[in-house]
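The block underneath contains the structure these notes are about, expressed in structure tokens.
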Amino acid sequence: MSAPATTEAKPAAPPAPAAPPPPSDKIKIKVDGREVEVPKMMPDWQGKPQPTTMLQACQLAAHEVPHYCYHPKLPIAGNCRMCLVEFGTPQMGPDRKPVLNEDGTPKIAKSVLPYEPGTPRGAIACATPISPGMEIYPNSPATKQMREAVLESLLINHPLDCPICDQAGECKLQEYSVEHGQAQSRFVEAKVHKPKAVDLGPRIVLDDERCVLCTRCIRFTKDIAGDDALGIVNRGSYNTIAAWAEGKFDNNYTLNTVDICPVGALTSKDFRFQMRVWFMKETKSLCTSCGTGCNIVVGSREEKVYRYEPRQNDAVNSTWMCDSGRLNYKWIGRADRLQKCGMRIAERGMLEVAWPTALKAISAKLASAPSGSVAIVASARQTTEELFLLAKLAKKFNALTDSVARNAEGDKLLVNADKNPNSNGARLTGIAGPQLGANLAKISDGLRSGGIRTLIVFGEDVTKHGIGADLLAKLDTLIVSDILPSATTAAAHFVLPGCAHLEKRGTFVNVKGRVQKFMKAVEAPGDARPEWEFLHELVHNVTGQNGFSTIEGLFNEMAREVPGFAGLEWAKLGDTGVTVQI
Amino acid sequence: MPQEHRLILKHADQPGYTPDLECYLRHGGYDALKKVLALAPKDLPDGKKMSPQEQVREDVKASGLRGRGGAGFSAGIKWSLVDRRSGKPIYLICNADESEPGTFKDRQIIHKDPHQLIEGMILSCWANDVKLAYLYIRGEMPQGAKLLNKALDEARAKNFLGKNILGSGFDLEIHLHRGAGAYICGEETGLIESLEGKRAYPRIKPPYFPAVLGLYMCPTIVNNVETLCHVKHIVSMGPGEYAKLGTPNNTGTRIVSLSGDVKRPGYFEIEVGKVTIGELINDPAFGGGLRDGRKLKAIIPGGSSSKILKAGETFKLNRKGADGQMTKVEVPLLDLPYDFDSLMGAGTMSGSGAIIVLDDTRDIVEALANLAEFYAHESCGQCTPCREGALWMSKALHRMTHGEGRKADADYLLHIAQNIQGRTICAFGEAAAWPVLSFVKKFKEDFEAKGAADEAKAAAAKH
């Protein structure tokens, strides 16, 4: 999984521990022989403080305890038993005081089976709270033996079909088998056979034989998505995950079950059999389907996007995203993408031209445009940096500006009614007022009256928003940048091919004011360029300003000039962004 | 001469004794309830007062009553662990999901003296400030459910149940719930899940101890049928008199279900610890001995989950001598007193009080295959070791009993069972593993001989 440095594709950082409480709220324990002090209470799956578990304490002590059913954002089930660890607690005397060793250290009583005192008794680290003086042995022979045994049990009825399994390469059964398993199984019986390729719903296929019955999918669907669609039928080894009716697993969050399925049981119809995961580049980005701005990881290979997966950001989307946002990426690779600059020459029609030619001609046109004769319709799907540059142009011409509002139904979990990813970016940069689209009528009036002679449109088809082809025909100059052809690009004097967000870097400001950056995953087709690059040239040509040469410099300049972003720096945004006042 | 001591089943088998309320009342029924409702607060030496309810709770603790369901845990301590400060209602559940193979004691009570159980429940609810209780009965006992429902109706009609019971101000309702036929519903947290309308997946402990987070996440007491009946007798007799029955730390009586290769299989109520296993098997008052010409091979002493004991085994038990000192005494199998502690000392348990006798005509591998099949079928499948291990053991034993055994299968079985016990969410893991561990360890030569014979046969067939 090699990735160019520019994408910053690193494994997701573990969730930051809760703010350190005062010292009295700490507990001293030993993990693998090393003394550590950990908080007495830590957030549970809902973020509520609960007594710290052995698993959380081990994580803080940099010991990863293997697990299948435990997920930090789901209620604890404790069924896989993979996180069993050997442990001991200080031995108490009849006076309820700790018994001491000869050297004065407390004597530790290792937990053993009550009916067989020679055999260690493990505890499930995911659900067992720590206590003062506890010793956890995550690497002891007994702990290792327990893990080996659980893995052996999980594999006896598993089909071992890794070569044809989509999960291969990101499968916890594979990974733990290498780290904690045995190379051989003693199993000589016939395997249990269960349903294969079950059509759970429109987006999900289930292979029950690969399932380890961790119930993550059931818990997510019931407790997070609020849909009681999944459950278990049959008993014992014949336990089988099933939807209440085949094909009926159809809420807008079903694909999250594929992410959290630790094995290859649940697969996405969209992604399965498309690409081996180890061939893909991973890029940190954002979903653009609504104003929530779910953090995502883009999987791509050779300039083709294969999947979106949610990326943890507790300030935005926890570890989830909706199915409609996740699958909304196919337009990026459409064959009719704009790939060349176009310039309309009288009598010769639209000609393909090179960037310098187009930008030079546009700059010349703008240089002679009188104040008040220019209007700009931007898009709240553009990056904040692009909107900032358009605002600079607008200032020069005292131009009317706006962007287009886009609303639909939201839900209680993640989907927001605002379908633009960057409405707040448009507001903060001054491109739009509190109500997006409020200026569009004034702009169309200006076109009708002839006061506006030049219109700059970015990323919108204005003919669908009250500025028809008849009005556009009255303009002296119509400059349009977009990524797909539309009635507006067809009417343009200049067409500038732009980039989808996966083809460039920038920031969006979500509905709650979270300023989040995204990285470039794939190259743009043809001559298409990131809008901020050519806007930078235009702004330079028209206003004479030129204070930056990179996206970082541009963002930092914006932070200095736009009050709403005061104090921000590109580097300080991190992977999960910073919240600003909106 | 050892004899039965009938306390719970005192009237049950008397001619003319019927399960209806009138008959129960003629035999002193609901007198214990009237007795507690008349109790006054007791003055303590420190000037404080002890409520009547607390008095009964203390009496149950003082009686030494231990749970008759399987674990033998002190009923008084179980009650004292209930969270009484949560502000949430406290529930009581009677566990009538009697399904341990070999056990048929609770059904005697339910079928023959249902009001005794209901009175025991009412007393226990009253003592624990419970306003709503559930009687969870095994799905395969439709007649028992019918009788209990009739008895509940009768009790309601006489105001032993319902609002303001006998004018005391105490309200109580008991609902009967029928299980749907799963052994795991006898596990208390599985039972609670089932009662809540879910799949009977036992809960993880911590945090879901029923005394704190039980039914509907409220403090909950789950007691066995026989245990609740004993509460009535503790109230009637007083804890001191009650504790004189049985032996120290193993007080009262208990109903033993005796089955298998004896002349007189059946149920016998004995004073705990006053009768030995040998007497239970051989005495004319009990099992009446093995069939003629048969020799004892082994016994399963406390329901099918308990570890098997082999004929001729001896055990080193702690015994208090006349001088009060504890000494180790060697006790042969047949001289083991049938009580909680002696059987624990022998490395097994008295469990549900069910003794299964195997004579020398029994094939030990076949017997274990039968048990393993039961546990594979009844494993709920929630946690990995039991879900996978129970069926794995059953498959291996099925293979062994169908002529495809291997000499190595004895160790193979031990390996599987060892990886189940102590690693599961509930005690079903032990229940499934213990028969295998004990059968194979104690009869290893039988398993190895069978495996070796099959291997020899297979090798011969190849040539």
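The values are calculated or read from the model by the stated rules, or taken from the named source; none is laboratory data. Here the structure is a predicted model, which means the values were calculated and not measured. Here the Cβ positions follow ideal geometry from the backbone for every residue, glycine too, while neighbour counts run over all protein chains shown. The accessibility values were calculated without ligands, DNA or RNA, using every heavy atom of the protein model including side chains. Shrake-Rupley method; radii C 1.70, N 1.55, O 1.52, S 1.80 Å.
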Original post:
Using alpha-carbon positions, what is the distance between the centroids of region B:104-119 and region A:373-431, in Å?
Top reply: 76
Original post:
Among A:Gly226, A:Thr119, B:Asn370, which residue has its Cα positioned farthest towards the positive end of the charge dipole of the protein assembly as shown, with +1 placed on the Cβ of Lys and Arg, -1 on the Cβ of Asp and Glu, and the dipole taken about the Cα centre?
Top reply: A:Gly226
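With +1 on each Lys and Arg Cβ and -1 on each Asp and Glu Cβ, and nothing else charged, work out how big the dipole of the protein assembly as shown is about its Cα centre, in Debye to the nearest 20. Could the numbers behind the result be given before it?
Details: 128 positive and 121 negative charges, 232 e Å.
Here the protein assembly as shown has a charge dipole of around 1120 debye.
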**OP:** Give a quick list of chymotrypsin sites (Phe, Trp or Tyr not before Pro) in region A:220-311 that DSSP marks as loop, anything other than H, G, I, E or B, with at most 15 other Cβ atoms within 10 Å.
**Re:** A:Trp244, A:Phe273
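For region B:1-134, report the translational diffusion coefficient in µm²/s to the nearest whole number, using Stokes-Einstein at 10 °C, 1.306 mPa s, and a Kirkwood Rh over Cα pairs. Intermediate values should be presented prior to the final figure.
Details: Rh = 16.9 Å.
Estimated via Stokes-Einstein, D reaches 94 µm²/s.
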**OP:** Do me a favour and compute the ellipsoid semi-axes for region A:132-200 from its Cα gyration tensor, root of five times each eigenvalue, largest one first, whole Å.
**Re:** 28, 15, 12
Original post:
Once a ≥ b ≥ c are taken as the square roots of the eigenvalues of the Cα gyration tensor of region A:13-153, is the result rounded (a/c under 1.5), prolate (a/b larger than b/c) or oblate (a/b not larger than b/c)?
Top reply: oblate
**OP:** Could you check how much of the accessible area of chain B is carbon and sulfur, as a whole percent, using a 1.4 Å probe?
**Re:** 54
**OP:** Would you give the gap between the C-alpha center of region A:157-201 and the C-alpha center of region A:535-582, rounded to a whole Å?
**Re:** 50
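Report Rg/Rh for the protein assembly as shown, rounded to two decimals, where Rg is the Cα radius of gyration and Rh the Kirkwood radius. Mind dumping the intermediate values first?
Numbers: Rg = 37.5 Å, Rh = 34.0 Å.
That ratio is 1.10, to two decimals.
From largest accessible area down, sort B:Glu196, A:Glu531; use a 1.4 Å probe on the protein chains. Don't skip to the end; give the middle numbers.
Numbers: B:Glu196 40, A:Glu531 15 Å².
Reading off the accessible areas and sorting them downward yields B:Glu196, A:Glu531.
I need the helices of chain B that pass two filters: whole DSSP H segments spanning 15 Å or more by Cα along the axis, and mean Kyte-Doolittle score no lower than 0.5. Working shown, then result.
Details: long enough: B:52-63 (16 Å, -1.51); B:114-127 (20 Å, 0.64); B:142-157 (23 Å, -0.61); B:225-237 (19 Å, 0.77); B:364-378 (21 Å, 0.52); B:384-400 (24 Å, -0.38); B:428-442 (21 Å, 0.55); B:444-462 (27 Å, -0.86).
Long hydrophobic helices here: B:114-127, B:225-237, B:364-378, B:428-442.
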Original post:
Does anyone have the angle between helix A:355-367 and the longest principal axis of chain A? Alpha-carbon axes, 0 to 90°, nearest 10?
Top reply: 60
**OP:** For peptide A:186-193, compute the average count of partner chain beta-carbon atoms within 10 Å of each residue's beta-carbon.
**Re:** 5
**OP:** Note down the nm distance, to one decimal, between modelled labels 7 Å out along Cα→Cβ at B:Ala40 and at A:Arg334.
**Re:** 9.1
Subject >> Dipole of chain B [Lys/Arg +1, Asp/Glu -1 at C-beta], most positive-end residue of B:Thr247, B:Val56, B:Val331 >> reply: B:Val56
Subject >> Convex hull projection area averaged over all views, region A:442-545, Cα basis, nm² >> reply: 8.3
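List the pairs from B:Lys78/B:Lys244; A:Lys194/A:Lys248; A:Lys269/A:Lys504; A:Lys110/B:Lys88; B:Lys263/B:Lys444; A:Lys330/A:Lys360 whose alpha-carbon separation is above 30 Å, in the order I gave them.
Working: B:Lys78/B:Lys244 22 Å; A:Lys194/A:Lys248 20 Å; A:Lys269/A:Lys504 28 Å; A:Lys110/B:Lys88 36 Å; B:Lys263/B:Lys444 28 Å; A:Lys330/A:Lys360 34 Å.
Exceeds cut-off: A:Lys110/B:Lys88; A:Lys330/A:Lys360.
Once you have a ≥ b ≥ c as the square roots of the Cα gyration tensor eigenvalues for region A:142-301, tell me rounded if a/c is under 1.5, and otherwise prolate or oblate according to whether a/b is larger than b/c. Before the final figure, lay out the partial values.
Details: a/c = 1.89, a/b = 1.33, b/c = 1.42.
Cα axes put region A:142-301 in the oblate bin.
Please report the net charge: other residues with Cβ closer than 13 Å to the Cβ of B:Lys307, K and R +1, D and E -1. Display every interim value, and only then the final one.
Numbers: positive: B:Lys310, B:Lys441, B:Lys442; negative: A:Glu116, B:Glu313, B:Glu430.
Here the charged neighbours net out to 0.
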Original post:
What Kirkwood radius, in Å to one decimal, follows from the Cα pairs of chain B?
Top reply: 23.3
Subject >> Whole-Hz ³J(HN,Hα) from phi, Karplus 6.51 cos²θ - 1.76 cosθ + 1.60, for region B:319-325, glycine and proline x >> reply: 10, 7, x, 4, 7, x, 7
Original post:
What's the angle, to the nearest 10 degrees (0 to 90), between helix A:384-397's Cα axis and the longest principal axis of chain A?
Top reply: 20
Original post:
Two-decimal Rg/Rh of region B:6-53 from alpha-carbon positions, Kirkwood Rh?
Top reply: 1.25
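Quick one: dipole size for region B:179-264, taken about the Cα centre, charges +1 on Lys/Arg Cβ and -1 on Asp/Glu Cβ, in debye to the nearest 20. Write down the numbers at each step before the final one.
On the way: 9 positive and 7 negative charges, 30 e Å.
Using Cβ point charges on Lys, Arg, Asp and Glu, region B:179-264 gives about 140 debye.
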**OP:** Using only the alpha carbon atoms of chain A, find the Kirkwood hydrodynamic radius as the inverse mean reciprocal pair distance, in angstroms to one decimal.
**Re:** 27.1
Subject >> Among B:Ser394, B:Val440, B:Gly405 the positive-end extreme of the charge dipole of region B:364-462 (Cβ point charges) >> reply: B:Gly405
Subject >> Rounded to whole Hz, the Karplus (6.51, -1.76, 1.60) HN-Hα couplings of region A:568-582, x for glycine and proline >> reply: 7, 9, 3, 5, 7, 5, x, 7, 10, x, 9, 8, 10, 5, 10
**OP:** Determine the sum of side-chain charges near A:Ser185: Lys and Arg each +1, Asp and Glu each -1, restricted to other residues whose C-beta is under 12 angstrom from that of A:Ser185.
**Re:** -2
Original post:
If you line up the Cα atoms of region B:253-359 on their principal axes, what length do they span on each, largest first, in Å?
Top reply: 42, 27, 26
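Just want to confirm a number: the relative contact order over region B:21-244, from Cα pairs under 8 angstrom separated by 6+ residues, in percent. Please report the intermediate quantities before stating the final value.
On the way: 391 pairs, mean separation 64.1, N = 224.
Normalised by residue count, the contact order of region B:21-244 is 29 percent.
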Subject >> Projected-area mean, region B:313-463, by convex hull of Cα positions, square nanometres >> reply: 10.9
Original post:
Loop-only check: which GluC sites (Glu not before Pro) in region A:65-159 are DSSP coil with at most 15 other Cβ within 10 angstrom?
Top reply: A:Glu102
Original post:
Cα-based Rg (one decimal) and Dmax (whole number) for region A:52-96, in Å?
Top reply: 13.7, 41
Original post:
If we restrict to alpha carbons, what Rg and Dmax does region A:341-579 come to, in Å?
Top reply: 17.2, 55
Original post:
When Cβ neighbours within 10 Å are restricted to other protein chains, what is their mean count per residue of peptide A:72-79?
Top reply: 3
Subject >> Of the trypsin sites (Lys or Arg not before Pro) in region B:137-169, those whose Cβ has at most 11 other Cβ within 10 Å and which sit in DSSP loop >> reply: B:Lys163
**OP:** Enter the angle in degrees (range 0 to 90, nearest 10) between the Cα long axis of helix A:141-156 and the first principal axis of the Cα atoms of chain A, meaning the one along which they spread out most.
**Re:** 70
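Between rounded, prolate and oblate, where does region A:282-364 land on the alpha carbon gyration tensor, with a ≥ b ≥ c its root eigenvalues, rounded for a/c under 1.5, else prolate if a/b exceeds b/c?
Numbers: a/c = 3.22, a/b = 2.60, b/c = 1.24.
Because a/c hits 1.5 or more and a/b exceeds b/c, region A:282-364 counts as prolate.
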